[in-house]
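Each remark here refers to the structure printed beneath this line.
All of the numbers you see were taken from the coordinates with simple rules; none came from a lab. Not measured: the values here are computed from a predicted model. Counting neighbours? That spans all protein chains shown, and the Cβs are built from the backbone with ideal geometry, glycine included.
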Amino acid sequence: MSDEMQKHTEYMSQAVQLAKKGLYTTHPNPRVGCVIVKDDRIIGEGFHARAGEGHAEVNALASAMESVEGATAYVTLEPCSHQGKTPPCADALIKAGIAVVVYGMQDPNPQVAGRGLAKLEKAGVQVIGPVLENECERLNLGFNKRMREGLPYIRLKMAMSLDGRTAMESGESQWITGSAARLDVQRLRAQSDAIVTGIGSVILDNPSMTVRIDSDDQEVDSKSVRQPLRVIMDTALSIPPEAKILKPGKEALMFCVEEDIEQEHFDALKKTGVNIEFAPVGEDGRMDLIECMGLLADQGINEVLVETGAELAGAFLREGLVDELVVYVAPKLLGSDARPLMRLPIDVMKDAVELELESVRSVGNDLKMVYFPKYL
Ligand code: AOF
Ligand code: ZN
């Protein structure tokens, strides 16, 4: 790599670190970081914190204590060219006299999609990139997927014993993993825009599915945590109105199938304030999960965390909807009568679902493994 490229990579990686500060707060916007460099010194830095507030570039320009005229701006995402909740960053950079823009990746938002870069070039700004494209992509797996495919990025989280069991035969499942793994899940929830679960899990465990972060948490600022939308897949709308997951109802969304519902129960549920959506039905007569996830994306949901039982987990996988499988493995054996990880009927080895291992690490006494399913 040339010295020049080496330098670009180093500054871009600082911009990536800045972008990560918005991990828990930028929804539905992407996480973006920016550093401004002059004479090989950083003279400004910024990141996007919250939708409606300043974009990374504007914050970086505002932070500079000296003139940015002739400086280079490193931005993890192509500067925007459109008037959204805030004015275009490309214009702000041009106006400030920035001479070079090094970008991490193009903005997949169709309102931008290369227009920001074109605008800069037209104004005589030198544009270099993409630099550290993979790292920049990974900052916004959800935003990117929603912009490109109209679907959220879906993480399926499961906790199992070493023998691949998730609950006793009775359904008893609290607790398989230890407290460190459970805290890790809280962070996964905190970075998600929606948590999806099935009626089976609601009836069995009566979970609240809220984010609970301690005020002394090292990674997540408990004060800026927002509660993800809680989504319940419940074909017959059989959820009891007093279920904890419906508190508060206005932060919950039910997907059900219109023909299957009972009017009196529907009315009782409506009183909780819960949003009820009639899900599109697939050819097999079941809820069309892909369509349901598309409806979430339409609401600006970038990242979904699926926390559910074997049945719905298997259905998400069979539909090819799982982008990432996060499995916590506890050092326990629950025995052969206990419930399996996923209901996934497969007869022959050639039909096995292949996974690509992304990472393994220990969390307390448990193991955390992240996989990407390889769909055929
Ligand atoms: C940037 N820098 O820091 C971010 C960008 O409604 P607005 O004005 O906040 O615009 C949101 C869109 O702007 C978002 O969908 C994405 O395309 C881009 N985000 N762009 O230049 C930033 N957060
Ligand atoms: Zn912008």
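Between ILE128 and VAL101, VAL102, TYR103, the built amide H atoms are under 5 Å apart, and every one of these is 5 or more places off in sequence or on another chain. The alpha carbons of the range 313-362 stretch over 29, 29, 19 Å along the principal axes, in descending order.
Our compactness index for the range 109-253, the C-alpha radius of gyration over the empirical 2.2 N^0.38 Å, is 1.40. Each residue of the range 294-303 is assigned a 3J(HN,Hα), and the resulting list reads x, 5, 5, 4, 4, 8, x, 7, 8, 10 Hz, derived from the Karplus form 6.51 cos²θ - 1.76 cosθ + 1.60 (θ = phi - 60°), x at Gly and Pro. Our coupling estimate for the range 263-280, obtained by passing each phi through the Karplus curve with A = 6.51, B = -1.76, C = 1.60 and θ = phi - 60°, is 4, 4, 5, 4, 5, 4, 5, 4, 5, 6, x, 5, 7, 10, 10, 7, 7, x Hz, Gly and Pro reported as x. Spread over its residues, the convex hull of the C-alpha atoms of the range 210-340 is 169 Å³ per residue. Computed with the Debye formula from one identical point scatterer per Cα of the chain, without solvent, the log10 of I(q)/I(0) at q = 0.06 Å⁻¹ comes to -0.27. Across the range 79-143, Cα pairs under 8 Å and at least six residues apart give a relative contact order of 36 percent. Its convex hull of Cα atoms gives the range 265-376 a direction-averaged projected area, equal to a quarter of the hull surface, of 10.8 nm².
Taking all pairs of distinct Cα atoms, average 1/r, flip it, and tell me the Kirkwood hydrodynamic radius of the range 1-110 in Å to one decimal place.
On the way: mean 1/r = 0.0732 Å⁻¹.
About 13.7 Å, per the Kirkwood formula over Cα pairs.
Ranked by the mean number of other Cβ atoms within 10 Å of their residues, highest first, the peptides 17-26, 219-228 fall in the order 17-26, 219-228. Structural size metrics of the range 51-192, computed from C-alpha coordinates, are Rg and Dmax of 21.2, 69 Å. Between the Cα long axis of helix 179-190 and the first principal axis of the chain there is an angle of about 60°, rounded to the nearest 10. For the chain, the 222 nm mean residue ellipticity estimated from helices alone, with every DSSP H stretch of n ≥ 4 adding -39500 (n - 2.57) and the total spread over all residues, rounds to -8000 deg cm²/dmol.
For the range 10-62, report the % of Cα-Cα distances exceeding 16 Å.
Percent of Cα pairs beyond 16 Å in the range 10-62: 34.
The phi-based Karplus calculation (6.51 cos²θ - 1.76 cosθ + 1.60; θ = phi - 60°) puts the 3J(HN,Hα) values of the range 69-76 at 3, x, 7, 10, 9, 9, 10, 5 Hz, whole numbers, x for Gly and Pro.
Placing unit charges on the Cβ atoms of the charged side chains and taking the dipole of the range 230-376 about its Cα centre, the candidate lying farthest along the positive direction among ILE261, ILE276, GLY364 is GLY364. Close amide H partners of ILE276, meaning residues 5 or more places away or on another chain with modelled amide H under 5 Å apart, are MET254.
Label-to-label distance for GLU354 and LYS374 is 0.3 nm, based on points extended 7 Å past Cα in the beta-carbon direction.
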